[in-house]
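So the structure is just underneath, and the comments pick up after that.
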Amino acid sequence: MSNKPAFGLLELVVALAIIGMLAALVLPNIRNLQPRYEREQFIARLSALVQFARQQAIITHTTHRVFFDFKKRTATVERTQEDRKAGASSYTVVSGTAFSPNLEWPARFEFKQFFIEGIDEMSKGGGAKTREIWFFLVPEGLAQEVIINFVDTADGSDGKQRRVGLVLNPFSAQFDVYDTFQK
């Protein structure tokens, strides 16, 4: 027999029980952080998308728009193209850059209000579901005044859906984030 110190069976069982209890306490909290992390990632990517549109408007000296397609759950940066003969404008997705001009959001985000210049574009349809909304960024680097209110249906740790208000600063094209709806 050797006199080397070792863990006994009882000590090993107690250590495993303590680790199991700690895991039972920590894992639910980690799962609750996931919706918050995904929401923060979406807001950061949306801000980056608007900044990209602003930069492209300044560089190319053309008006750009951020186009929201609620059926596909995507936001896209598009460039204005003037058709002088027809006297109309058309829009094409910005391409040829390292930055992706497209953003998708999870189905659990429900957009409730989308104010552009003080008008709720989502309530204009007379009860019909809004399919698309866009706002413009001009070559001078300015954006329209935009407020987006949505709920995150997966982040209801207190039993309620998490309300989020995004307010776009028209001069810096950056979103300020609020825990309540904005007007």
Under a straight-distance cross-link criterion of Cα-Cα below 18 Å, which aspartates and glutamates are reachable from K129, leaving out those fewer than 8 residues away in the same chain? D69, E110, D120, E121
Could you pull out the chymotrypsin sites (Phe, Trp or Tyr not before Pro) across the stretch 92-183 that fall in loop regions by DSSP (anything but H, G, I, E, B) with no more than 14 other Cβ atoms inside 10 Å? F99, F171
Filter the trypsin sites (Lys or Arg not before Pro) in the stretch 96-152 down to the DSSP loop ones having no more than 10 other Cβ atoms within 10 Å, then list what survives. K129
What lysines does K183 reach when the alpha-carbon gap must be under 18 Å and sequence neighbours fewer than 8 apart in one chain are set aside? K112, K124
Applying the Karplus parametrisation 6.51 cos²θ - 1.76 cosθ + 1.60 with θ = phi - 60° to the phi angles of the stretch 138-153, what ³J(HN,Hα) value in whole Hz is obtained for each residue in order, glycine and proline being reported as x? 9, x, 7, x, 8, 10, 5, 6, 10, 10, 10, 10, 9, 10, 9, 6
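Given N residues in the stretch 9-178, what is its alpha carbon radius of gyration divided by 2.2 N^0.38 Å?
Working: Rg = 21.4 Å, N = 170, 2.2 N^0.38 = 15.5 Å.
Normalised by 2.2 N^0.38 Å, the Cα Rg of the stretch 9-178 equals 1.38.
Calculate for the chain the 222 nm mean residue ellipticity that helices alone would give, adding -39,500 (n - 2.57) per DSSP H run of length 4 or more and normalising by residue count, nearest 500 deg cm²/dmol. Intermediate values should be presented prior to the final figure.
Values: 1 runs with 52 residues, N = 183.
That calculation yields -10500 deg cm²/dmol at 222 nm.
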Going by alpha carbons, how many degrees (0 to 90, nearest 10) lie between the helix axis of 9-60 and the longest principal axis of the chain? 10
Q174 long-range amide H proximity, modeled H, under 5 Å: N169
Between the stretch 34-67 and the stretch 138-152, what's the alpha-carbon centroid distance in Å? 10
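Could you sort 51-64, 14-27 so that the peptide with the highest average Cβ count within 10 Å comes first and the rest follow in order?
The densest-packed peptide leads the list: 51-64, 14-27.
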Amide H within-cut-off set for Q113, under 5 Å, with H built and near neighbours excluded: N149
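Mind putting a number on the dipole of the stretch 9-178 about its Cα centre? Charges go on the C-beta only, +1 for Lys and Arg and -1 for Asp and Glu, and I need it in Debye to the nearest 20. Don't skip to the end; give the middle numbers.
On the way: 20 positive and 19 negative charges, 79 e Å.
So the magnitude is around 380 debye.
No lab work stands behind these numbers, since they all come straight from the coordinates. Please read all numbers here as calculations on a predicted model, not as lab measurements. Ideal geometry is used to build each Cβ from the backbone, glycine not excepted, and the neighbour counts take in all protein chains shown.
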